[in-house]
1. Of all the residues that make up the stretch 23-44, how many are part of a loop (DSSP other than H, G, I, E, B) and touching a residue at least 40 places away in the same chain (Cβ under 8 Å)?
2. So which of Leu7, Leu82 ends up being free of Cβ contacts under 8 Å to residues at least 60 places away in the same chain, more than 21 Å from Arg214 (Cα to Cα) and surrounded by 13 or more Cβ atoms within 10 Å (Cβ to Cβ)?
3. Out of the stretch 19-40, which residues are near ligand 1 (Cβ under 7 Å from one of its atoms) and surrounded by fewer than 18 Cβ atoms within 10 Å (Cβ to Cβ)?
4. Please pick out the residue among Ser47, Ser16 that is outside any strand (DSSP E or B), out of contact with any Cys (no Cβ under 9 Å at 6 or more places or on another chain) and either closer than 28 Å to Gln204 by Cα or within 16 Å of ligand 2 (Cβ to nearest atom) (or both).
5. What are the pairs, 6+ residues apart or on separate chains, where a residue within the stretch 110-130 that is modelled with pLDDT under 90 has its Cβ under 6 Å from a residue that is part of a helix (DSSP H, G or I) and of a type in the set (A, V, I, L, M, F, W, C)?
6. Considering only the stretch 208-220, I want to know if a residue exists there that is under 18 Å from Val90 (Cβ atoms) and either more than 16 Å from ligand 2 (Cβ to nearest atom) or surrounded by fewer than 17 Cβ atoms within 10 Å (Cβ to Cβ) (or both).
7. Given the criterion farther than 24 Å from Gln59 by Cα and outside any loop (DSSP other than H, G, I, E, B), identify the matching residue among Leu185, Leu97, Leu174.
Amino acid sequence: MRPAVELRGIGRRFGSDPPVIALDDVDLTLAHGSSLAIVGPSGSGKSTLMHLLGCLDRQDTGTYRFEGIDVGELSDDQRAALRAQRIGFVFQTFNLLAHRTVLDNVMLAEVYRGTSREGREERARAALERVGMSARERFLPVRLSGGEQQRVAIARALMAEHSLLLCDEPTGNLDSVNTASVLALFDELSEDGLTLVLVTHEEQVARHALRRVRMVDGRLTEDESW
Ligand SMILES: Nc1ncnc2c1ncn2[C@@H]1O[C@H](COP(=O)(O)OP(=O)(O)OP(=O)(O)O)[C@@H](O)[C@H]1O
Ligand SMILES: [Mg+2]
C-alpha cells in the first residue's frame with residue numbers, strides 16, 4: 001500500500017533579503033493510520049510544514065506525494081479539491097462562526113467542499129455524535145466550553161471522509177480537563193484508521209502519537225529522547 005504522505009527534500013523559504021529558511025530538506029513518510037507528533041521551538045517551521053501537508057501552501061523544492069499523487073503537479077483547483085475531500089485541519093483557535101449553531105457550523109464545512117446537499121444534516125449529526133457533541137447541536141459556540149468548541153471543530157474537520165487530520169496546537173487554548181477529552185477523541189480516531197499529525201508544545205499531548213519528530217530551524221529529526 002502506498003504511504004499516506006511522502007515528503008522528499010522539501011524546502012520552503014520566505015522573503016528574499018535574507019530569506020527565512022522555514023523548511024530545509026525535509027523527508028517524511030507516514031503510513032496510513034499512523035500518528036505523528038511534531039515538537040520544536042517557536043519559529044522552527046512546524047506550522048509551515050502543516051500548511052504544506054494540508055495543501056494550503058506549496059514547497060519551493062522537493063516533492064510531496066499524498067496517497068501517491070504528486071501534489072506539486074496539481075493546479076490550485078485540483079489541490080483545493082484534494083484538500084476538501086481528503087484532509088481535515090484543526091487549528092489552535094477553533095474558527096467557529098459565532099452566530100451559527102453547532103449543527104450549522106459543522107454543516108457549513110460541506111458547503112465549501114461541493115458535496116451534495118442531500119443527507120448533509122444527517123452527516124453533520126453523525127460527525128457530532130462521533131465527538132460526543134450531539135446534545136449541543138442547537139447551541140451557539142459562545143455557550144460551549146473550550147473543549148466542546150474544539151470537539152465541534154474536529155467534527156467539522158471529519159465531515160468528509162478524510163484520511164488525514166492535521167492538528168496545529170489543538171489543545172493550546174484548553175485547560176487540562178478539556179485537553180484530556182480532545183486527546184481521548186484523537187486516540188479513538190487513530191484507532192479508526194485516520195492518519196493523524198499533531199503539532200504541540202505539550203509533552204502530555206505528544207505522548208498520544210506513536211511517533212515523534214522534532215523540528216529545529218526547518219530541519220526535521222527523529223526524536224529518540226522519549
Ligand atoms: N507567510 C510567511 N511569510 C514570511 N515568513 C514566514 C511566513 N510563514 C512563516 N514564516 C517564517 O517561517 C518561520 C517558521 O514559521 P512557522 O510558523 O512555521 O513556525 P512554528 O514552528 O509553527 O512556530 P510556533 O511554534 O511559534 O507556532 C518563522 O521564522 C516565520 O517567521
Ligand atoms: Mg505554529
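The values are calculated or read from the model by the stated rules, or taken from the named source; none is laboratory data. It should be emphasised that the depicted structure is a prediction, and the values quoted were computed from it without experimental measurement. Glycine also receives a Cβ, built like all others from the backbone with ideal geometry; neighbour counts cover every protein chain displayed.
1. So in the stretch 23-44, the residues part of a loop (DSSP other than H, G, I, E, B) come out as 31-34, 40-44.
Checking which are touching a residue at least 40 places away in the same chain (Cβ under 8 Å) leaves us with 31-34, 40-41, 44.
Final tally of qualifying residues: 7.
2. Working: Leu7 fails: more than 21 Å from Arg214 (Cα to Cα).
Only one candidate qualifies: Leu82.
3. Keep residues of the stretch 19-40 that are near ligand 1 (Cβ under 7 Å from one of its atoms), which gives 20, 22, 40.
Selection gives Val20 alone.
4. Numbers: Ser16 fails: either closer than 28 Å to Gln204 by Cα or within 16 Å of ligand 2 (Cβ to nearest atom) (or both).
Sole residue among the options that is outside any strand (DSSP E or B), out of contact with any Cys (no Cβ under 9 Å at 6 or more places or on another chain) and either closer than 28 Å to Gln204 by Cα or within 16 Å of ligand 2 (Cβ to nearest atom) (or both): Ser47.
5. The qualifying pairs are Arg113/Ala84; Ala127/Val106; Ala127/Ala155.
6. Let us first name the residues in the stretch 208-220 that are under 18 Å from Val90 (Cβ atoms), namely 208-209.
So of that shortlist, the ones also either more than 16 Å from ligand 2 (Cβ to nearest atom) or surrounded by fewer than 17 Cβ atoms within 10 Å (Cβ to Cβ) (or both) come out as 208-209.
Yes, the stretch 208-220 contains a residue that is under 18 Å from Val90 (Cβ atoms) and either more than 16 Å from ligand 2 (Cβ to nearest atom) or surrounded by fewer than 17 Cβ atoms within 10 Å (Cβ to Cβ) (or both).
7. Values: Leu97 fails: outside any loop (DSSP other than H, G, I, E, B); Leu174 fails: outside any loop (DSSP other than H, G, I, E, B).
Result of the check over Leu185, Leu97, Leu174: Leu185.
Residue-by-condition table, conditions (1) surrounded by fewer than 21 Cβ atoms within 10 Å (Cβ to Cβ); (2) away from ligand 2 (no atom under 16 Å from the Cβ):
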{"position": "Leu52", "(1), (2)": "no, no"}
{"position": "Gly68", "(1), (2)": "yes, yes"}
{"position": "Asp76", "(1), (2)": "yes, yes"}
{"position": "Asn95", "(1), (2)": "yes, no"}
{"position": "Asp104", "(1), (2)": "yes, yes"}
{"position": "Ser116", "(1), (2)": "yes, yes"}
{"position": "Gly119", "(1), (2)": "yes, yes"}
{"position": "Ala126", "(1), (2)": "yes, yes"}
